[in-house]
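Single-structure report; data block below.
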Amino acid sequence: MSKENSGGTEFLLGLFVGGMLGAVIGLLLAPRSGEEMRSQLAERGIELRSEFQKRAGELQERVPAFVEEQRERVEEAIEKGKEAAAKKRQDILAQLDAEKKAGPAA
């Protein structure tokens, strides 16, 4: 569970950091005055922060449903495993019983 959550958090962090780096590099390479550049950096930072918060909110909304779905899948797989083990046990016991009834092998 924490691995899935960690992956989403890492993605959002990477998205945020990558966006910031791209914005900074783009603005640094553009021919603008220092004041214009600072203004654009501040605006872009606000936009990126807003986008990051939006994505984080979406992730927080989706995580509980995803976790519940995965929990149900795991429980279903465990139940199927128990059923398969019980069936195999019955098959083995039936085979042993049949061998006992057949007597010793010659």
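The values are calculated or read from the model by the stated rules, or taken from the named source; none is laboratory data. Not measured: the values here are computed from a predicted model. FYI the Cβ positions are ideal-geometry reconstructions off the backbone, even for glycines, and counts take in every protein chain you see.
Tabulated data
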item: Filtered residues of the range 54-106 (kept if assigned to a helix (DSSP H, G or I) and small (Gly, Ala, Ser)); result: Ala56, Gly57, Ala65, Ala77, Gly81, Ala84, Ala85, Ala86, Ala94, Ala98, Ala102
item: Cβ-Cβ under 8 Å pairs, at least 6 apart or on other chains, the range 79-106 side surrounded by 10 or more Cβ atoms within 10 Å (Cβ to Cβ) and at pLDDT below 95, far side part of a helix (DSSP H, G or I) and not aromatic (Phe, Trp, Tyr); result: none
item: Single condition Glu76 does not satisfy, out of (1) at pLDDT below 85; (2) out of contact with any Gly (no Cβ under 8 Å at 6 or more places or on another chain); result: (1)
